[in-house]
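Remarks on the structure that follows.
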Amino acid sequence: MKFFSVDSPLYKFMNRLMDVFKLNCMWLLCSLPIVTMGAATTAAYTITLKMVKDEEGYIAGPFWKEFKANLKKGSILGVIGMVASYAVYLDFQLYHVAKHHNIMFLIIGVVGVYLIFMHMVYAFPLMARYENSIINTMRNSYSIAAKFLGRTAFLAVLLVIEMVIIMWNLTTMFAGVLLGPACIILTISGFANTFFEVIERENLMAENEAKTAAVSDDDEDFESKEEEEDTDEE
């Protein structure tokens, strides 16, 4: 009966699946006004960033708390992303209807998709984990995506595959409504958490090196002062 025990892989998988379902339901509920979708996404990332480290506990309580805490900034970030995405959508529509010079609309659309993805893919995880302004959060998202460009490109491929699976037929679309958004957020969280930990270690090492250098400079200054005192005594 070990297969059905609390420590079995099946039990852990079903428990995680239920957590993802709960999180998805709360995300959908809080995203219904549309303008609050960014706040709901930020709150969801506070949960999934813990999930990927097996640190999550309760789902509902922390989600509501983070949703209210990030209601303003998260909603603004979400609106920025939606407006930018709609602008790119309109550009592709112009590409389809334009009779002349439509290649320019295609180039603008492709560049727009690239910039939106780079500035937004890690923006919500960053907002969920760190305190910063909206502009700096988007800049940091771009910097992280550029720093880990290869793995970010792989993440983009995974997200496309997930979207294709979700849109495959009516059955997968129904499952996608129940689990899709939370699964996508969880996928991004796995990559984002790894990148955050690497950057945090690098920053910590840089701080330690700076402190060591400062201590060395102080020691050199102290030795110089001692040498000057000895010279004065002579």
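Top to bottom by accessible area (1.4 Å), largest first, where do T48, T187 land?
Details: T48 0, T187 30 Å².
Listed by decreasing accessible area, they come as T187, T48.
Here the accessible area is traced with a 1.4 Å probe on the protein chains. For the range 10-86, carbon and sulfur cover 70 percent of it.
Please give the peptides 155-163, 124-132 ranked by average Cβ packing (other Cβ atoms within 10 Å per residue), highest first, as a rough proxy for protection.
Numbers: 155-163: 13.8, 124-132: 20.3.
Packing proxy ranking, top to bottom: 124-132, 155-163.
Ordered from largest to smallest accessible area (heavy atoms of protein chains, 1.4 Å probe), the residues H119, H96 come out as H96, H119. Estimated from helical segments only, the mean residue ellipticity of the chain at 222 nm is -29500 deg cm²/dmol, where each DSSP H run of four or more residues counts as -39500 (n - 2.57). With Cα atoms defining each centre, the range 153-179 and the range 62-89 are spaced 22 Å apart in the structure.
In Å², and per residue, what accessible area does the chain have when probed at 1.4 Å with the other protein chains present?
Values: 14990 Å² over 234 residues.
So the chain comes to 64 Å² accessible per residue, rounded to a whole number.
Using a 1.4 angstrom probe on heavy atoms only, work out the carbon and sulfur share of the accessible area of the range 143-214 in %. C and S fraction of accessible area: 75 percent. Largest GNM mean-square fluctuation among T172, T36, T152, using the chain with Cα springs under 10 Å: T172.
The values are calculated or read from the model by the stated rules, or taken from the named source; none is laboratory data. Here the structure is a predicted model, which means the values were calculated and not measured. Positions of Cβ are generated from backbone atoms using ideal geometry, with glycine treated the same way; all protein chains shown enter the neighbour counts. These accessible areas exclude ligands, DNA and RNA; they are computed on the full protein's heavy atoms, side chains included. Shrake-Rupley method; radii C 1.70, N 1.55, O 1.52, S 1.80 Å.
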